[in-house]
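Right, one structure below, let's go through it.
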Amino acid sequence: MRPAALLTATAGIAIVIGLIAAGEHRLSGASDAGEIAASAQGAAAQQTPSPAQPTTNPDASMMARPVDDASQFYPASVDGKPLEREQAPEPEKKPVVVTDKGIDLPRPVAESAGVLGFGERRLQLAGLTPTPVDKSCAGAGGTEWPCGMLAKTNFRLFLRLRTVNCDLSDPNWSGTATASCKIGAQDLSEWLVENGWAEAAAGSAFADAGAKAKQDGNGIYGQDPRQAGATDAPDLTQPQDMSDPL
């Protein structure tokens, strides 16, 4: 055989052997990759938790609690006992200071000098004796003048339907009640007694003011103010409109 032919044959055999070796290597790598993939899938299946099955134990269901971002860091039980939620303490309540400011009564009507009217209810001022509307007082020369009507009218002019504040215990009283009332800082009973339009009750705090009004001849203790030319004396010959605040 010629040398050239021998070399060609040898080279061909070497190429065939190399191809066979390369094929075996590829087949071995594919088998190893398949085994690795199968092993990874099996491990993942083992790590995947099975879905929770509903429990039929009522005690166990009572211990279940939702897990949120905060509660996941706290244990569900301590020493084998479930945790109990404690009620938050109530905020401390500050004591309410109740001040006695009386009761405001709007639009009082003078029933007489010493009695206020609020619809069907009446309120007698404390510390005085109301002057009856039909009371007559002795004037100069043996005459009489309607001091009770003038006392009521002057009281009405003083009120002018302004809201009064009274020390009533029940704002929903019925019938006639007795209370001390003020307009601002002025006590109504004190005003009536000082001006002589009502007598101070026996033993009241207005006794001295009543004695001074009587000594000075104020109100019902004096003369008919119409005869004296008083500018604030109303004309009693005409009917009085009680709805007029002036």
Just one of the numbered conditions (1) in contact with a helix residue (DSSP H, G or I) (Cβ under 6 Å, 6 or more places away or on another chain); (2) closer than 17 Å to GLY222 by Cα is not true of ALA110; which one?
(2)
In the stretch 104-128, anything surrounded by fewer than 17 Cβ atoms within 10 Å (Cβ to Cβ) and of a type in the set (Val, Ile, Thr) is listed as VAL109
Inspect the stretch 199-206 for any residue being in contact with a helix residue (DSSP H, G or I) (Cβ under 6 Å, 6 or more places away or on another chain) and not in a strand (DSSP E or B) and give the result as yes or no.
yes
Residue identified as farther than 20 Å from PHE158 by Cα and at pLDDT 90 or above among ALA209, ALA213, ALA202:
ALA202
Can you tell me which residues in the stretch 200-217 are surrounded by 12 or more Cβ atoms within 10 Å (Cβ to Cβ), more than 45 Å from the chain's Cα centre (by Cα) and in contact (Cβ under 8 Å) with a residue 12 or more places away in the chain?
GLY210, LYS212, ALA213, LYS214, ASP216
Give me the pairs: first residue in the stretch 135-146 and touching a residue at least 60 places away in the same chain (Cβ under 8 Å), second residue open to solvent by 70 Å² or more (accessible area, probe 1.4 Å), beta-carbon distance under 6 Å, and six or more apart or on different chains, which are they?
GLY139/GLN223; ALA140/GLN223
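The values are calculated or read from the model by the stated rules, or taken from the named source; none is laboratory data. The structure presented is a predicted model; accordingly, all values stated were derived computationally and were not measured. Every residue, glycine as well, gets a Cβ built from its backbone with ideal geometry; the counts of neighbours run over all protein chains shown. Ligands, DNA and RNA are stripped out before the accessible areas are found, and what is left, the full protein with its side chains, is counted by its heavy atoms. Shrake-Rupley method; radii C 1.70, N 1.55, O 1.52, S 1.80 Å.
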